[in-house]
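Student: My structure is below; once you've seen it, I'll send some questions.
Just so it is clear, none of the values below were taken in a lab; they were calculated from the coordinates. These figures come from a predicted structure and were not determined experimentally. Please note: Cβ atoms are built from the backbone with ideal geometry, for glycine as well, and neighbour counts cover all protein chains shown.
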Amino acid sequence: EVQLVESGGGLVQPGGSLKLSCGASGFTSSDSAMHWVRQASGKGLEWVGRIRGKVHNYAPVYAASVKGRFTISRDESKNTTYLHMNSLKIEDTAIYYCTTPLTYNDPFDIWGQGTMVTVSS
Amino acid sequence: EIVMTQSPATLSVSPGETATLSCRASQSVSINLAWYQQKPGQAPRLLMYRTNTRAAGIPARFSGSGSGTEFTLTISSLQSEDFGLYYCQQYYDLWAFGQGTKVEIK
């Protein structure tokens, strides 16, 4: 079964750091781009960033709202993608989903269940 | 940055009726437009991509149309399982979602 499972969410103070993980199973994630999308409570979806696969040299790209603070990396040996979040702000509080366009070229057809990040003092 | 705007914010529809959801892009995205459905407490689910192509397992009562900056998702003969939140997404230049349309039971 194709599956993405996020972990690492929790409570962190403003200015702090947190690392989220997204484990893939049922497929070889190295061939696929991996994205992070977040959703604040009662709000819409916001694209956060993407990392491409090995053939594209793991090129990352980020939304303006997180650029310079968030970094995406991946460990192919563990079939896992990471979201490193630094200088966290209260407005970063959200459910964070990892997602991938496994079947189609660009839209996101595989999603994890999400992990909650709360930034509060 | 491409901004996606959905209307209406809420759509009240009776079961069996047709729902028409609109999505507008701030600049042309060609046909690089997808639609997602989200139920409470769940991750989004891909419904439609490339404007009018249904994802695997999506019933034929869902249809999409449009190009450039104006897009429509039509749900015919609404079923109880169709109620929820719907988001459009452009993937022409990076990725961006609309703010969503809630389809509720009238």
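Student: Give me the extension gain from B:Ser7 to B:Glu81: residue separation times 0.36 nm, minus the current Cα-Cα distance, reported in nm with one decimal.
Tutor: Contour length minus the Cα-Cα distance gives 24.6 nm.
Student: Over the whole of A:53-61, what's the average partner chain Cβ count within 10 Å per residue? Rounded to a whole number, please.
Tutor: For this peptide, the per-residue mean of nearby foreign Cβ atoms is 0.
Student: Taking other Cβ within 10 Å of each residue's Cβ, how do B:Thr10, A:Thr93 sort, fewest first?
Tutor: So the ranking, lowest neighbour count to highest, is B:Thr10, A:Thr93.
Student: Report the one residue of A:Ser30, A:Cys98, A:Tyr82 whose Cα lies farthest in the direction of the positive end of the charge dipole of chain A (charges on C-beta: Lys and Arg +1, Asp and Glu -1; origin at the Cα centre).
Tutor: A:Tyr82
Student: Still on this structure, I have one more. Let me test this: with uniform point scatterers at the alpha carbons of chain B, what is the Debye-based log₁₀ I(q)/I(0) at q = 0.10, 0.12 1/Å?
Tutor: Listed by q, the Debye log ratios stand at -0.24, -0.34.
Student: Something else about it: What's the exposure ranking of A:Phe27, A:Phe108, going from fewest to most Cβ atoms within 10 Å?
Tutor: If I rank by nearby Cβ atoms, fewest first, I get A:Phe27, A:Phe108.
Student: Hey, got a sec? Which GluC sites (Glu not before Pro) in region B:1-77 land in a DSSP loop and have at most 13 other Cβ atoms within 10 Å?
Tutor: B:Glu1, B:Glu17
Student: Counting Lys and Arg as +1 and Asp and Glu as -1, each charge on the Cβ, what is the dipole of chain B about the Cα centre in debye, to the nearest 20?
Tutor: That gives chain B a dipole magnitude of about 180 debye.
Student: Find the percent of Cα-Cα distances in the protein assembly as shown that exceed 33 Å, and round it to a whole number.
Tutor: It works out to 16 percent of all Cα pairs.
Student: On to the next question. In square nanometres, what is the average projected area of the Cα convex hull of chain A?
Tutor: Hull-based average projected area comes out at 7.1 nm².
Student: Using a Förster distance of 35 angstrom, determine the FRET efficiency expected from the C-beta separation of B:Arg24 and A:Ser41, and round it to 0.05.
Tutor: The computed FRET efficiency comes out at 0.85.
Student: Any of A:Lys67/B:Lys39; A:Lys43/B:Lys102; A:Lys54/B:Lys39; A:Lys67/A:Lys89; A:Lys54/A:Lys89 with alpha carbons more than 23 Å apart? Name them for me.
Tutor: From the list (A:Lys67/B:Lys39; A:Lys43/B:Lys102; A:Lys54/B:Lys39; A:Lys67/A:Lys89; A:Lys54/A:Lys89), the Cα-Cα distance tops 23 Å for A:Lys67/B:Lys39; A:Lys54/B:Lys39; A:Lys54/A:Lys89.
Student: Calculate, for B:Arg61 and A:Lys54, the FRET efficiency according to 1/(1 + (r/R0)^6) with r their C-beta to C-beta distance and R0 41 Å; round to the nearest 0.05.
Tutor: After rounding, the FRET efficiency stands at 0.55.
Student: How many nm is it between the label spots at A:Lys89 and A:Tyr104, if each spot is 7 Å from the Cα in line with the beta carbon?
Tutor: Distance between the two pseudo-spin positions: 3.2 nm.
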